[in-house]
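Just so it is clear, none of the values below were taken in a lab; they were calculated from the coordinates. Computed from a predicted structure; not experimentally measured. Neighbour counts run over all protein chains shown; Cβ positions are idealised from the backbone, glycine included.
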Amino acid sequence: MWDLLTPVSQKSPYQWVTVLLSHMAIGIALFVWLLPIAFWIAPDHARLLAVWLAGSGYMLFERFQGWKAGRMLWWDSVLDWCGVCNGTLIALALWANDWLAAEAFILVASAIAFAGSWARRKSRS
């Protein structure tokens, strides 16, 4: 299990995109899991609170991960956090039945995936 708590730099563009998509899935799951708690805390603002809790909680997890590993890869943490936050925003948009916003967040994720895989591919050649 502790291997999951070790920050790594994915060398392959395929691994990089897979990790980004995995973090988006984590964001979607966190939103769904935290939404009932957020409704209990603040019924009028539950969806935004769930997004905030997921993003803040994951940021703390990334900090713990760096502490546990004895090193902090800031760029890795920021990219992971962006994937999680993007996943929560996609879930928020779908929950609100706002398909245009969901598509926009998916386009953002696609742009990040394209740029990251392109940079990884370029650094390998």
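Only one of 22, 56 is farther than 22 Å from residue 110 by Cα, under 16 Å from the mean Cα position of the chain (by Cα) and loosely packed, with under 15 Cβ neighbours inside 10 Å. Can you tell me which? Quick ask: steps written out before the conclusion?
Details: 22 fails: farther than 22 Å from residue 110 by Cα.
Answer to the check: 56.
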Residues that are part of a helix (DSSP H, G or I) and either farther than 19 Å from residue 20 by Cβ or in contact with a Pro (Cβ under 7 Å, 6 or more places away or on another chain) (or both), drawn from the stretch 82-102: 95, 99, 100, 101
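Step by step: first the residues of the stretch 35-47, then only those that are hydrophobic (A, V, I, L, M, F, W, C) and in contact with a Leu (Cβ under 8 Å, 6 or more places away or on another chain), then the one that is farthest from residue 95 (Cα to Cα). Which residue is that? Walk me through how you get there before you give the answer.
If we filter the stretch 35-47 for residues that are hydrophobic (A, V, I, L, M, F, W, C), which is where we start, we get 35, 37-42, 46.
Imposing the further condition that a residue be in contact with a Leu (Cβ under 8 Å, 6 or more places away or on another chain) reduces the set to 37-38, 41-42, 46.
On the way: 37: 16, 38: 14, 41: 18, 42: 17, 46: 12 Å.
If we take residues in the stretch 35-47 being hydrophobic (A, V, I, L, M, F, W, C) and in contact with a Leu (Cβ under 8 Å, 6 or more places away or on another chain), then 41 is farthest from residue 95 (Cα to Cα).
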Verdict on residue 77 being buried (at least 18 other Cβ atoms within 10 Å of the Cβ), more than 21 Å from residue 35 (Cβ to Cβ) and among the small types (Gly, Ala, Ser): yes
The listed residue being in contact with a helix residue (DSSP H, G or I) (Cβ under 9 Å, 6 or more places away or on another chain) and more than 20 Å from residue 103 (Cα to Cα), out of 60, 53: 53
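Residues in the stretch 78-101 that are more than 19 Å from residue 59 (Cα to Cα) and without any contact (Cβ under 8 Å) to a residue 24 or more places away in the chain: how many?
Looking only at the stretch 78-101, we keep the residues that are more than 19 Å from residue 59 (Cα to Cα), and these are 93-101.
From what's left, without any contact (Cβ under 8 Å) to a residue 24 or more places away in the chain: 93-94, 97-101.
Total satisfying the criteria: 7.
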